[in-house]
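Colleague: Just passing along the structure, written as structure tokens.
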Amino acid sequence: MEYYAVIDTNVLLSAMLSKNADAATVKVLDAVFDGIIIPLYHQDILREYNEVFHREKFHLQENTILTVLEAIRQYGVEVFPQPTGAVLIDMDDLVFYEVAMEKRDDSAYLVTGNQKHYPFRDFIVTPAEMIAIIENG
């Protein structure tokens, strides 16, 4: 089974920095590479990923960054969301929310480690919750 999901930057970053192959964030990223999660993105999301992944403090290898960004583009679906009018704690997160909302008819999820940044909705899940959804398929 395949699942559409917008993956918040913090989830991908955590996966890329993790040394634990069993971490939920790593499993989410693995699910992208395995074709189980079809990432949903917008150019603004790709720009944020690129900017955050290149921050000096994370010491990520360029080939790792390029591999993840290319996987999102290659396996993902670009979405052009309609404005929702939502007001979020951090308005930089709005594009993630609106992309998920645009694809709700396809049962899209928003996977984030910062649920408090978003309104309470059953499709906004933590990485561990996303993995449980996949495993219980």
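Colleague: Has region 107-115 got any residue that is at pLDDT below 95 and either closer than 15 Å to Tyr49 by Cα or in contact with a helix residue (DSSP H, G or I) (Cβ under 7 Å, 6 or more places away or on another chain) (or both)?
Modeller: Checked region 107-115: at least one residue is at pLDDT below 95 and either closer than 15 Å to Tyr49 by Cα or in contact with a helix residue (DSSP H, G or I) (Cβ under 7 Å, 6 or more places away or on another chain) (or both).
Colleague: Would you tally the residues in region 84-111 being of a type in the set (Val, Ile, Thr) and within 15 Å of Tyr3 (Cα to Cα)?
Modeller: Here the count works out to 2.
Residues are listed down the side, and each one gets a yes or a no for (1) within 15 Å of the chain's Cα centre (by Cα); (2) over 22 Å from Ile133 (Cβ atoms); (3) acidic (Asp, Glu); (4) at pLDDT below 95:
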residue: Ala15; (1), (2), (3), (4): yes, no, no, no
residue: Lys57; (1), (2), (3), (4): no, yes, no, no
residue: Glu62; (1), (2), (3), (4): no, yes, yes, no
residue: Val68; (1), (2), (3), (4): yes, no, no, no
residue: Asp90; (1), (2), (3), (4): no, yes, yes, yes
residue: Val95; (1), (2), (3), (4): yes, yes, no, no
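Colleague: Out of (1) modelled with pLDDT of 95 or more; (2) assigned to a loop (DSSP other than H, G, I, E, B); (3) within 19 Å of Ile133 (Cβ to Cβ), what's the single condition that is false for Ala5?
Modeller: So the condition that Ala5 fails would be (2).
Colleague: While we're here: How many of the residues in region 84-121 are in a loop (DSSP other than H, G, I, E, B) and in contact with an Asp or Glu (Cβ under 7 Å, 6 or more places away or on another chain)?
Modeller: Total meeting the criteria: 5.
Colleague: If you take the residues of region 1-50 that are β-branched (Val, Ile, Thr) and in contact with an Asp or Glu (Cβ under 7 Å, 6 or more places away or on another chain), which of them is farthest from Tyr75 (Cα to Cα)?
Modeller: Thr9
The values are calculated or read from the model by the stated rules, or taken from the named source; none is laboratory data. These numbers were taken from a predicted model, which means no experiment stands behind them. FYI the Cβ positions are ideal-geometry reconstructions off the backbone, even for glycines, and counts take in every protein chain you see.
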